[in-house]
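Following: one structure in structure tokens, then a few remarks.
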Amino acid sequence: MAISAALLDSLASGTDAASYTTASITPTANALQLLSVTNSKGTASDVPTVTGCGLTWVEVGASFAWSAGGFNWRLTVFRALGASPTTGQLTIDFAGATQTGIRYIWQEYTGTDTSGTNGSGAVVQTATAPASPPAASTSLTVTLAAFGDATNNAAFICAGHQANEVSAEEGGYTELGDVATSVPVGALAAAWKLAEDLSPSYSWVTSSNAGARAIEVKAAGGAPPEPAPAVEGLRLRMLIGVGL
């Protein structure tokens with residue numbers, strides 16, 4: 001089964017809070033869950049934790065932080081995968097530290113590798129951009145290494161920038177989430193594409209500071225080939241060989 005993706009929930013909120021919740025969702029069993037989050041704060045931004053739906057949520061790589069517009073911003077991506085997820089909300093929590101707003105996009109990917117723990121087998125590689133503290137720009141490109149399977153694996157990218165506007169996914173990608181807030185001003189978008197892409201990118205209109213993360217998502221292995229009827233064939237040849 002080829003990889004396919006679906007948006008489960010997304011939100012942009014400028015409400016000050018130390019914890020945010022998603023809509024109530026029933027994730028698909030054995031499907032890779034990817035939750036992209038940007039949060040903002042007047043002082044140093046905080047790394048969130050995520051709980052819910054009977055799944056263990058693990059940060060993909062290290063979160064990416066930058067400053068713009070008098071706020072400190074952070075982009076974090078989480079993964080999860082389980083055989084028996086439950087219906088419910090996710091809680092995105094900042095351990096009592098009040099944020100000035102949040103944007104999140106929750107997607108799930110079916111047809112992925114289910115080995116490892118909590119989706120680890122489905123995440124082949126990940127990278128962020130820019131490599132140095134960001135300067136204002138109208139696009140970001142993330143560099144990935146050659147895919148393990150250039151045909152069946154998928155590319156994922158999410159990007160946050162400081163403007164209240166939609167973002168433009170790269171040609172050939174399907175965008176599954178694009179949200180923005182006016183106060184504090186910020187946007188987050190996420191998209192995916194089946195097959196290898198070593199330079200996933202996002203663009204927008206207003207030149208602003210930004211951060212992006214890309215992931216290679218591994219497809220499930222194909223079913224093993226049917227074994228040849230070697231035993232019966234060998235037995236017949238032995239019988240013929242001895243003249244029976």
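Here are the numbers for the structure shown:
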| item | result |
| --- | --- |
| Exposure rank, largest accessible area first [D93, D197, D16; 1.4 Å] | D16, D93, D197 |
| ³J(HN,Hα) computed for each position of region 9-26 - Karplus, 6.51 cos²θ - 1.76 cosθ + 1.60, integer Hz, glycine/proline x | 6, 8, 7, 10, 10, x, 7, 6, 6, 9, 7, 10, 10, 8, 5, 7, 9, 10 |
| Those residues of region 87-130 whose amide nitrogen sits under 14 Å from the label point placed on A29, 7 Å along Cα→Cβ | 87 |
| Per-peptide average of other Cβ atoms within 10 Å, ordering 180-188, 18-26 highest first | 180-188, 18-26 |
| (1) 14; (2) 19; (3) 24, with the label sought being that of the calculated percent of Cα pairs over 35 Å apart | (2) |
| Virtual spin-label span in nm between S207 and S115, 7 Å along Cα→Cβ | 4.7 nm |
| Cα-based shape type of region 84-168, given that a ≥ b ≥ c are square roots of the gyration tensor eigenvalues and the cut on a/c is 1.5 | oblate |
| Spin-label pair V58/D149, simplified geometry with 7 Å Cα→Cβ offset, distance in nm | 1.9 nm |
| Inter-label distance for T138 and S182, nm, one decimal - labels placed 7 Å from Cα along Cα-to-Cβ | 2.4 nm |
| Rounded accessible area per residue of the chain, 1.4 Å, Å² | 43 Å² |
| Rounded to the nearest 20 debye, dipole of the chain from Cβ charges on Lys, Arg, Asp, Glu | 340 debye |
| Additional length obtainable on full extension of the chain from S199 to S84, 0.36 nm per residue less Cα span | 37.9 nm |
| Carbon/sulfur fraction of accessible area - region 60-205, other protein chains in place, 1.4 Å, % | 52 percent |
| Two-site FRET efficiency, L7 against N164, from Cβ-Cβ distance with R₀ of 30 Å, rounded to 0.05 | 0.90 |
| Region 52-93: C-alpha gyration tensor shape, a/c 1.5 cut-off, then a/b vs b/c | oblate |
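The values are calculated or read from the model by the stated rules, or taken from the named source; none is laboratory data. Because the structure is predicted, anything quoted here is derived from the model rather than measured. All Cβ positions, glycine included, derive from the backbone under ideal geometry; neighbour counts span all protein chains shown. We work out accessible area using only protein heavy atoms, side chains counted, and drop any ligands, DNA or RNA first. Shrake-Rupley method; radii C 1.70, N 1.55, O 1.52, S 1.80 Å.
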